[in-house]
Every structure is written in C-alpha cells, then in structure tokens.
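Just so it is clear, none of the values below were taken in a lab; they were calculated from the coordinates. Just so it is clear, the model here is predicted, and its values are computed rather than measured. Note that each Cβ is placed from the backbone with ideal geometry, even for glycine, and that neighbours are counted across all protein chains shown.
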Amino acid sequence: MTTQWGEFAATVGTRATAMRLDSVTKTYGKGDGAVTALRGISLDVPRGTFTAVMGPSGSGKSTFLHCIAGLDQPTSGRVFLGDTELSALKEAELTAVRRERIGYVFQAYNLMSALTVKQNITLVARLADKIVDEAWLSEMLTRVGMHEHVDRLPNQLSGGQQQRVAIARALATRPDALLADEPTGALDTRTSQDVLRLFRQIVDEIGQTVLMVTHDPVAASYADTVLFLADGQLAGQLDRPSPSEVAERMTRLGNW
Ligand code: ADP
C-alpha cells in the first residue's frame, strides 16, 4: 500500500525533472559564416525550483532560452519538458506544448492593449477552446495582487502591475515551466523586487518551476541556482548566492 507519506518520501528522494537538456548544440548558418551559439549543454532543472541563467552578451542565453522553450530546435542533442522530448515533436505538436505547458514572461509585458486584465489572462485558454478554471484564475489574480483590477485596460496600469498581469497570464494554464526573459529589465528597483518576490512565492507556495534569464545579479540572487553561460557552454553554477557573489563570478566571465 502506498501511504501519502510514502508518496511524499518518494518525491523527495527522486525530485522530478521539469526540464532537461542533453548535449544540446545550436549552430546558426553554414560554412565559413556559421556561428555556434550552444556547444553541448547538458542540464537538469528539478521541478519546483527557481533557476537563473546569466552570462556575458553573446554567451548564448537567448538561444538557450529559445531551445528550452521549444521556440527554436537545437542543431543536435535533445530537449525535454518533463517526459516530452520537444526536439522530436512536429511543429503542430510543439505549438500545443508551448501554448499549454509553458508560460512566458518577457521584458516587454506583451499584453493586448484592447483587452482587459481578465481578457488578457484568459486569452490563451479561450484560443485553445479550453474552459477557463475560474477558481484557479481567481487564486492567480489574488496572488499577483490584481484581483481588484480585472476590468482595467493595460494602459491604466503601472509597469509593475502590467508585469504582474503577464505573470498571471503565464500561470493561467498551470504550465510545467514558467520561462522569463529579463522580466525586470524595464522596471525600477523597488518594482523589480516585488516581481522577484512574486516569482519566489510561486515557487515556494505552489511549486511552480521558474527559469529566468537575467543580467542583474540582484535578480539572480532570488533564484535557488544561478547557472553561468560563457561562449555557449555552462561555466559553473552558484546555489543561493548573494548579489555580490554573482557579480564577482560575472566579472570573471568577461564583459557584461
Ligand atoms: P546572448 O543572449 O547571451 O546575448 P545569443 O544567444 O543571442 O546570446 O547569441 C549567441 C551567439 O549566437 C552570438 O554570437 C550571436 O551573434 C549568435 N546568434 C544568435 N542568434 C543568431 C541568428 N539568428 N543568426 C546568426 N547568429 C545568431
């Protein structure tokens, strides 16, 4: 008989993998003009953790994020979301996985200006002909502190509030992974901290897996693990580092 404790213990013992890269390479172009952006990256991202990715400009961060997000296919190697091999899917299947199992948050909030907060958040579900889970939606809106603003349009909100709506939208489908590309890049220091605390909360309280590309050592210090990329390769990691430890490591990796 499997007891609840047994299941819990089994989960703790073998923490499931949310995302996995297996010897991923990515080369753009061919012949003399070819540029290799990723050079054999292997990596496990455990479920329910917050990972930050940092590296000098041109180190491969965007390419890495695009490959892990299924937005771009690697030249060789394999990319997994849970047990699903993204690198083996056809475009239509990949589109469905991207829409339903991955949430995205960008530096520019990318909200639809003619739609209210609620309409923005439910758009993906409605496009996929899915029933909107009102209870989940309500919890997300409360969590991100936007419950009172559901009928507002994006231009009636501050930058920080718009990013909170974008985070609620990314969580609406209960994705396996939330991927964030410089999510605080357009925000002032205080608002950035609010958004980063929100990421930390959704990891700690609802077990959401979050992976964030950033150039900001303070932002990275909110993560459980900071991965460093240099010249298309993993160049080390730090667990729960301080901003100054991250900055010091970045300085050693080159110009950022
Ligand atoms: P980062 O996000 O760390 O700045 P990128 O992933 O954007 O790094 O780029 C890594 C390398 O790949 C760079 O040398 C860049 O010029 C090159 N690169 C990125 N995208 C393309 C592309 N679409 N075509 C050709 N080269 C590219």
Degrees between helix 4-13 axis and first principal axis of the chain (Cα, 0 to 90, nearest 10)
30
Quickly estimate the mean residue ellipticity at 222 nm for the chain, helices only: each DSSP H run with n ≥ 4 gives -39500 (n - 2.57), and the total goes over all residues, rounded to 500.
-11000 deg cm²/dmol
Please find, in a Gaussian network model of the chain (springs between Cα atoms separated by less than 10 Å), the residue of GLY40, GLY31, GLY82 whose mean-square fluctuation is greatest.
GLY31
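Need the full-extension length gain, ARG252 to PHE106, defined as separation in residues times 0.36 nm minus the C-alpha distance. One decimal, nm.
49.8 nm
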Using the Cα centre as the reference, give the magnitude of the dipole from point charges on the C-beta atoms of the chain (Lys, Arg: +1; Asp, Glu: -1; all else neutral), rounded to the nearest 20 debye.
240
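How big is the dipole moment of the range 198-256 about its Cα centre under a simple scheme where the beta carbon of each Lys and Arg is +1, that of each Asp and Glu is -1, and everything else is neutral? Debye, nearest 20, please.
Numbers: 4 positive and 8 negative charges, 22 e Å.
In total the dipole reaches around 100 debye.
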Selected from LEU127, LEU196, LEU111 as most flexible by GNM, with the chain as the system and alpha-carbon contacts under 10 Å
LEU127
Selected from GLY29, VAL165, THR122, residue furthest toward positive end of dipole (the chain; charges at beta carbon):
GLY29
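LEU127: net charge of surrounding residues, Cβ under 14 Å, Lys/Arg +1, Asp/Glu -1, itself excluded?
Residues near LEU127 contribute +3 overall.
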Using the Cβ atoms and a cut-off under 13 Å, what net charge is assigned to the surroundings of GLY185, where Lys and Arg are +1 and Asp and Glu are -1?
-3
Residues with beta-carbon under 9 Å from that of PHE106, excluding PHE106: net charge, scoring Lys, Arg +1 and Asp, Glu -1?
-2
One finds the C-alpha centres of the range 182-215 and the range 52-66 to be spaced, in Å, by 17
Can you compute the FRET efficiency between ALA186 and ASP83 using 1/(1 + (r/R0)^6), with r the Cβ-Cβ distance and R0 = 30 Å? Round to the nearest 0.05.
0.25
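By the gyration tensor of its Cα atoms, with a ≥ b ≥ c the square roots of the eigenvalues, what is the shape of the chain: rounded for a/c under 1.5, prolate for a/b over b/c, or oblate?
Rounded is the answer for the chain, as its axis ratio a/c remains below 1.5.
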Identify, among VAL105, ALA235, SER62, the residue whose Cα sits farthest towards the positive end of the charge dipole of the chain, taking +1 on the Cβ of Lys and Arg and -1 on the Cβ of Asp and Glu, with the dipole about the Cα centre.
SER62
Hey, fewest Cβ within 10 Å first, where do LYS130, LYS26, LYS90 land in order?
LYS90, LYS130, LYS26
Contour excess over end-to-end distance, with Cα ends at GLN201 and ALA128 and 0.36 nm allotted per residue:
23.5 nm
Looking only at VAL213, VAL132, VAL117, which one moves most when the chain is put into a Gaussian network model with springs between Cα atoms under 10 Å?
VAL132
